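Here the structure is laid out as C-alpha cells; the discussion comes afterwards.
No value in this document is a laboratory result; all are computed from the given coordinates. Remember, predicted model here, so these are calculated numbers, not experimental data. Ideal geometry is used to build each Cβ from the backbone, glycine not excepted, and the neighbour counts take in all protein chains shown.
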Ligand code: FAD
C-alpha cells in the first residue's frame, strides 16, 4: 500500500496565481471525520490542531465492552461511553465503499487483520490507524483534551477552551473551528405513554453489547434501521420472543426460516402498563421483559457558544448551508459529518475539502443572504415533501446528488458509477438476505470496477 496520490484535480479551482491563505484551525474530534478533515486542511496548507478527549483516534470504532450507568442513556449525569458498537458488529457497507476515496480500504495482511468484504469493527479501526499514520495525523492530535467551549470572540477569532487530563482548563485562539464530534453517542428514545410505571427494563442500542443478557426474555425492539436489523438477528438466537415495533411493518426484509417463529412485527407502541404489558397501535398486547430502543441518536454540541445563531431543534442543526456552514458564522465555524444514511468517509472527505478550500480562499462561498435563502428554500422543500424536521440531515434519497454538488464545488471527481451501483445493490441484497448479505453477494462486476479504480492509488 504505497502512499496514495492526492486527487490530481484537488486544487484545480484555485485561480492559478493567487497563493492560498493559511489559517489556524481547531478540529474537534479524532474520529474518522476529524482525521479526514485534518488531512484535507493540512493538504490545503492550514495549521491544524485536533482536540480529542479520549486517549486514541477512531471515535465510534473504538469498541468498549462497558456500558453507561443509565442503559437508556437519558440521565444527564450518567457515566458516558462514546462508542455505540456492539461486540459482533461487522460493517453494513462493503469495504470498497467505505474508505476514503484516495486511500481505499483494501484488505491488508498482518496480525489481527480481517480481510472480509464486510469486516469486523476492529478492522475499520485498524484502517483508520493506517490512514492516520500514512498522513501523519497523530502528531496533530492532542489526546485527553476535551473541548468545553468554542465561541467567536471577535471577527474571525474563535476561542477554544479545553480541559486536559490533569483537570486543568486552558484556552487558545483559532481562525476557524471544524466540529467533528460524531453523532452517534447521544441516544434518542421513543416516548411511550405510561412508561414510568412499566416495571420492565429499558435500554438503548447505544448500550447494547451482546445478546447474552436477553437470554430467555421477551424483548420489544423499537426501530428496524441499521442497528435494529442487526441486533434483532442476534437476539433471535437467545431470546424467548422478539417483538419488533416499527413505522413501516416488516419494512420488506426477508427473515431466515429458522427464526421466523420467534419474531412478530408490530406498528408503534401506544402505551405501557403497570402490569408489565405493552399495547401496540393495532391493539395487540404483549407482556414483555425488556424494551430495547433502536431509535437513533440526537445531535449534541454542549460546548458550542453561538449566542443562539446555531441551534438544534427537533434534531435539525441549523441554519446550515449544505449541512456544513452556518451562514452568519461562515467560514469560521463548520460541521463535518452531520448527514446520515450516507457513505460517511467519502462524505467527510468532500465536506472537509470544501471547508479547507473555503478557508484558504480557493473556493468562494455565496453571500450570507444567498446562503440563508438557500437554507430557507431547502426547509420549504422538505416541508412540501412531508419530510419531518428531525430528518433534515437524512440523505437516503439525495446522497449522490449531494456528493456530486460538493465534488463539483471543490473540483474533485464526481461520485463514481460503480459506487452508486454497489450502494444500491447492497441495500437490495440486505433486504433480501438480512442474515447473510455480508457473506453472500453477486456484484462481482462492481467489485472488479472498484479494484480497477483503486489501482490508481495502490500500485
Ligand atoms: P466519531 O467516530 O463518533 O468520532 C468523534 C470523536 O470526537 C470521538 O473520538 C470523541 O471522543 C470526540 N469528541 C466528542 N466530543 C468531544 C469534545 N468535546 N472534545 C474533544 N473530543 C470530542 N459507517 C460506515 O462507513 N460503515 C459502517 O458499517 C458503519 N456502521 C456503524 C455502526 C454503528 C453502530 C454506528 C454508531 C455507526 C456506524 N457507522 C458506519 C458510522 C460511523 O459513525 C462513521 O463511519 C464514522 O466513524 C463517524 O465518524 P465521526 O468522526 O463523525 O464521529
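Against the longest principal axis of the chain, how steep is helix 226-238, in degrees 0 to 90 to the nearest 10, with axes from Cα atoms?
Once rounded, the angle reads 30 degrees.
Which FRET efficiency, nearest 0.05, do residue 171 and residue 116 yield, Cβ-Cβ r, R0 60 Å?
Using R0 = 60 Å, I get an efficiency of 0.85.
When the helix-only estimate is applied to the chain (DSSP H runs of n ≥ 4, each -39,500 (n - 2.57), divided by the residue count), what is the mean residue ellipticity at 222 nm, nearest 500 deg cm²/dmol?
So the calculated ellipticity at 222 nm is -8500 deg cm²/dmol.
Could you tell me which of rounded, prolate or oblate describes segment 323-364, using a ≥ b ≥ c as the square roots of the eigenvalues of the alpha-carbon gyration tensor, with rounded for a/c under 1.5 and, failing that, prolate when a/b is larger than b/c and oblate otherwise?
The shape class here is oblate.
Which percent, nearest 5, of DSSP beta bridges in the chain are antiparallel?
45
With angles folded into 0 to 90 degrees, how steeply does helix 368-384 sit against the dominant principal axis of the chain? Use alpha carbons for both and round to 10.
Relative to the chain, helix 368-384 is tipped by roughly 20 degrees.
When 1/r is averaged over all different Cα pairs and the result inverted, which Kirkwood radius in Å belongs to segment 191-312?
About 15.4 Å for segment 191-312.
When the convex hull of the Cα atoms of the chain is projected onto a plane and the area is averaged over all directions, what value comes out in nm²?
22.8
Neighbouring Cβ atoms within 10 Å as the yardstick, rank 354, 441, 405 fewest first.
405, 441, 354
Order these by the 10 Å Cβ neighbour count, fewest first: 165, 134.
Fewest-to-most Cβ neighbours within 10 Å comes out as 165, 134.
Evaluate E = 1/(1 + (r/R0)^6) for residue 142 and residue 80, where r is the Cβ-Cβ distance and R0 equals 22 Å; express this FRET efficiency to the nearest 0.05.
Efficiency computed from Cβ-Cβ geometry: 0.70.
By average Cβ neighbour count within 10 Å, what is the ranking of 151-158, 139-146 from highest down?
Packing proxy ranking, top to bottom: 139-146, 151-158.
Given R₀ = 22 Å, FRET efficiency for residue 448-residue 404 by Cβ-Cβ distance, to 0.05?
Computed FRET efficiency for residue 448 and residue 404: 0.40.
Normalised by the number of residues in the chain, what is the relative contact order in percent for Cα pairs under 8 Å and 6+ residues apart?
With pairs under 8 Å counted, the relative contact order is 20 percent.
State, to one decimal in nm, how far the label point of residue 261 lies from the label point of residue 428, with both points 7 Å from Cα in the Cβ direction.
3.4
Expressed as an acute angle from 0 to 90° and rounded to the nearest 10, what is the orientation of the C-alpha long axis of helix 399-410 relative to the principal long axis of the chain?
10
Can you give me the three principal axis dimensions of segment 308-418 from its C-alpha atoms, in Å, biggest first?
Between the extreme Cα coordinates on each principal axis of segment 308-418 lie 34, 32, 19 Å.
Can you tell me, using C-alpha contacts under 8 Å and at least 6 residues apart, the relative contact order of segment 275-364 as a whole percent?
Once divided by the residue count of segment 275-364, the mean separation gives 13 percent.
For segment 8-155, place one equal point scatterer on every Cα, skip the solvent, and apply the Debye formula. What is log10 of I(q)/I(0) at q = 0.10, 0.12, 0.15, 0.22 Å⁻¹?
Result of the Debye calculation: -0.45, -0.64, -0.92, -1.39.
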